[in-house]
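So the structure is just underneath, and the comments pick up after that.
Laboratory data are not the source of any read-out in this text; all were calculated from the coordinates shown. Nothing here was measured: the structure is a model prediction, and the numbers come from that model. Please note: Cβ atoms are built from the backbone with ideal geometry, for glycine as well, and neighbour counts cover all protein chains shown.
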């Protein structure tokens, strides 16, 4: 430790200087020069009838990259579920009695009541953000996280057992599979219709209405489903470690 | 100051790297990795910015009005959500390390067993 710190500080100083030298060679901040962004901004409303250029880029112009990102998310959640599985020396109980074990914690009643009130509006707001992904800032990813937070609000309101029963694992896994597989199926439907994979083949509709921009809306919905169920699964896995696992008594 | 975003990027990267290397706690290490990823978001968004132009949303602004680059914003927003799940995966590794070895110190986890 005595030699490691000054050696590392020296090398990090050199590394930072090198990075800054490279970054300062970029066009000045505010002077974006590349033509790709300007072309998309000019064409997105007329070509795709979508007013949110960011969602159109995500789910249409660069839809292949987003499929890869969504599967990174899917595989991370699968890995997390695998790592936090019940071990040989643990067993699942309905709810550990932490107070009896001497480890209790209490939440303030302000948090509990506020979270109880916010659970349903948060879910509705998340659906709104997902469904209007092609119109206003939002889309599947952002709205999915907001929907997952509705389940977290239920836990914070002190209703862990209720939240567990409202989100059974088979339903969450079904939602995740529909989300991830649905994206691929929408792409394959492009192939089935004689066009390219993930090509926008649905009718484009009139801009400004929810039913517009073809597959961008459909992909936004399935991505919202996938992201929300993935985050609820993650949270339940971690909470299970604390609240449901206990060491198995040796026979 | 027009070089300020690049300085912020380099600083976040350096301080996150310092945190990862000198860390004594797995959870602290994972969060420093998240700081390094934040520096890439700052870089991406700073590259696509155009001075005094609006967001790439054309609900009230007519199509063709000046807007910043939407491609880097699309990259950043998917990356933020995916990073959260990758951080969860790394934290579950930390949970298992605590359960199996009783320590969260990466220096003491060095010895391979079996």
Exercise. Which semi-axes, in whole Å and largest first, does the equivalent ellipsoid of the stretch A:134-191 have when worked out from the alpha carbon gyration tensor as the square roots of 5 times its eigenvalues?
Worked result: 28, 17, 5
Exercise. Just A:34, A:79, A:14 to compare: in a GNM of chain A, with alpha carbon springs under 10 Å, which one fluctuates most?
Worked result: A:14
Seminar exercise, completed: In degrees, nearest 10, the alpha-carbon axis of helix A:169-192 is tilted away from the dominant principal axis of the alpha carbons of chain A by 20
For this session: Express in nm, to one decimal, how much length is gained between residue A:10 and residue A:83 on full extension, taking 0.36 nm for each residue of separation and deducting their alpha carbon distance.
Result: 22.5 nm
For this session: Let me know the shape class of the stretch A:162-212, please: from the alpha-carbon gyration tensor, a ≥ b ≥ c as square roots of the eigenvalues, rounded when a/c is under 1.5, otherwise prolate if a/b is greater than b/c, or oblate.
Result: oblate
Exercise. Shape call for the stretch A:1-129 from the C-alpha gyration tensor, a ≥ b ≥ c root eigenvalues: rounded (a/c under 1.5), prolate (a/b greater than b/c) or oblate?
Worked result: oblate
Seminar exercise, completed: Of B:61, B:88, B:97, the most mobile residue in a GNM of chain B (C-alpha springs, cutoff 10 Å) is B:61
Exercise. Relative to the longest principal Cα axis of chain A, at what angle does helix A:215-243 sit, 0 to 90 degrees, rounded to 10?
Worked result: 20
Exercise. Per the helix-only calculation at 222 nm, which mean residue ellipticity applies to chain B, given -39500 (n - 2.57) for every DSSP H run of n ≥ 4 and division by its residues, nearest 500 deg cm²/dmol?
Worked result: -22500 deg cm²/dmol
Problem set entry | Shielding by partners, peptide A:29-42 (average Cβ within 10 angstrom, other chains) | 6
For this session: Please label the shape of the protein assembly as shown as rounded, prolate or oblate, based on the square roots a ≥ b ≥ c of the eigenvalues of the alpha-carbon gyration tensor (a/c under 1.5 means rounded; beyond that, a/b larger than b/c means prolate, else oblate).
Result: oblate
Exercise. Sorted by packing (mean other beta-carbon atoms within 10 Å per residue), highest first, where do A:203-211, A:49-57 land?
Worked result: A:49-57, A:203-211
Exercise. Per-residue ellipticity at 222 nm for chain A, helices alone: DSSP H runs ≥ 4 residues times -39500 (n - 2.57), over residue total, nearest 500 deg cm²/dmol?
Worked result: -21500 deg cm²/dmol
Problem set entry | Among A:80-89, A:66-75, the order from most to least packed when residues are scored by Cβ within 10 Å on average | A:66-75, A:80-89
Problem set entry | Averaged over B:50-61, number of beta-carbon atoms from partner chains that fall within 10 Å | 5
Exercise. Angle, helix A:140-156 long axis vs. longest principal axis of chain A, Cα atoms, 0 to 90°, nearest 10?
Worked result: 20
Problem set entry | Average other protein chain Cβ within 10 Å of Cβ, residues A:136-143 | 3
Exercise. Given the options A:135, A:166, A:23, which has the most mean-square fluctuation in a GNM of chain A, springs set between C-alpha atoms less than 10 angstrom apart?
Worked result: A:23
Problem set entry | Taking the stretch A:1-159 and dividing mean pair separation by its residue count, relative contact order in percent (alpha carbons under 8 Å, at least six apart) | 20
